[in-house]
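To start, the structure under review is shown below, and the notes come after it.
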Amino acid sequence: MLDEEQVEEVFRRLSEAMPGRIRCAKGPKGQPDAFRSCIACMLSAQSLDRNTAAATKALFKLARTPRAMLKLDEPTIAAAIKPAGLYNMKARNIRAFCAALLERHGDVVPDTREGLMALPGIGRKCADIVLQFTFGTDTIAVDTHVHRVCNRIGLTSAKTADRTAEQLEARAPEWAFHEGHFWLIQLGKRVCKARSPQCPRCPVNDLCEFAAPLRA
Ligand code: SF4
């Protein structure tokens, strides 16, 4: 893994080369409140953005609050969210999430990672995304792009996105927490693509561990 100075330098360069929060922040699938952000995040697991958007739209046409959602039975929810895949499991999770939210928090979504992750269906990624986009908390949410680029560069050395998130929290400089998610995600989408990383035009190619053989 890169040392502290190198980690800082990676974030400094990304802050100059990649767009930040203001220009690309839309929130989790554009949802306006914490409850709908959580649901959209749950639907996005292993689903393409356009399928998640279709499922989210269909579901919120039927119900927009935890109470209204619980009035729908599982097959009705599953049918609405079918485009997002894993619909039976997701329908079960959505009902369990709504029931727990009402019971424990009176339908107010908690604004802490611990509180969010204690709810059914909410893992670290969803919790961090909701914290970052809905509550404005500075945290680097780790999706598939962020996970890939962090481990290629050597910012982290982790097999799972959750572990990457823990390591980033410990290793990234504090000033990078506000926009780090956006810089890393844009690097992953524009340059460090899953199948074809564009190393020669990458702003951190002289530091990146994955690209080290290219420098030899
Ligand atoms: S140098 Fe290559 S592998 Fe490393 S971050 Fe850049 S594009 Fe990805």
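Laboratory data are not the source of any read-out in this text; all were calculated from the coordinates shown. Quick caveat, the model's predicted, so the values are computed rather than measured. Every residue, glycine as well, gets a Cβ built from its backbone with ideal geometry; the counts of neighbours run over all protein chains shown.
Just a few scattered comments:
- Computed over segment 71-216, the ratio Rg/Rh where both radii use C-alpha atoms and Rh is Kirkwood: 1.07
- Spatially proximal aspartates and glutamates relative to Lys90 (Cα-Cα < 18 Å; intrachain offsets below 8 disregarded): Asp49, Asp73, Glu74
- Note on the chain: with a GNM built from Cα contacts shorter than 10 Å, the maximum mean-square fluctuation among Pro75, Pro203, Pro66 falls on Pro75.
- Helix 87-105 and the longest principal axis of the C-alpha atoms of the chain enclose an angle of approximately 80°.
- With Cα atoms, 0 to 90° folded angle of helix 4-17 axis to the chain main axis: 70 degrees
- Remark: segment 109-114, residue by residue, has Karplus-estimated 3J(HN,Hα) of 5, x, 9, 10, 4, 4 Hz, where x stands for each Gly or Pro and the curve is 6.51 cos²θ - 1.76 cosθ + 1.60 at θ = phi - 60°.
- Relative protection proxy for 184-197, 116-129, from highest mean packing down: 116-129, 184-197 (other beta-carbon atoms within 10 angstrom).
- 3J(HN,Hα) along segment 118-131, derived from phi through the Karplus expression 6.51 cos²θ - 1.76 cosθ + 1.60 where θ = phi - 60°, amounts to 7, 8, x, x, 10, x, 4, 4, 4, 4, 5, 5, 5, 4 Hz, with x in place of Gly and Pro.
- Folded to 0 to 90 degrees: helix 161-171 orientation relative to the chain principal axis, Cα: 50 degrees
- Additional length obtainable on full extension of the chain from Ser15 to Asn88, 0.36 nm per residue less Cα span: 22.2 nm
- Close amide H pairs (under 5 Å, H built 1.01 Å from N) link Cys192 with Gln198, residues at least 5 positions away or on another chain.
- By average C-beta atoms within 10 angstrom, highest first, the peptides 135-141, 91-97: 91-97, 135-141
- Under 20 Å from Lys159, Cα to Cα: aspartates and glutamates that are on another chain or at least 8 residues apart: Asp3, Asp128, Asp143, Glu169, Glu209
- Largest first and in whole Å, the equivalent-ellipsoid semi-axes of segment 119-181 read 18, 15, 9, each the square root of five times a Cα gyration tensor eigenvalue.
- An oblate overall shape is assigned to segment 28-133, the ratio a/c of its alpha-carbon gyration tensor axes (a ≥ b ≥ c) being 1.5 or greater and a/b not exceeding b/c.
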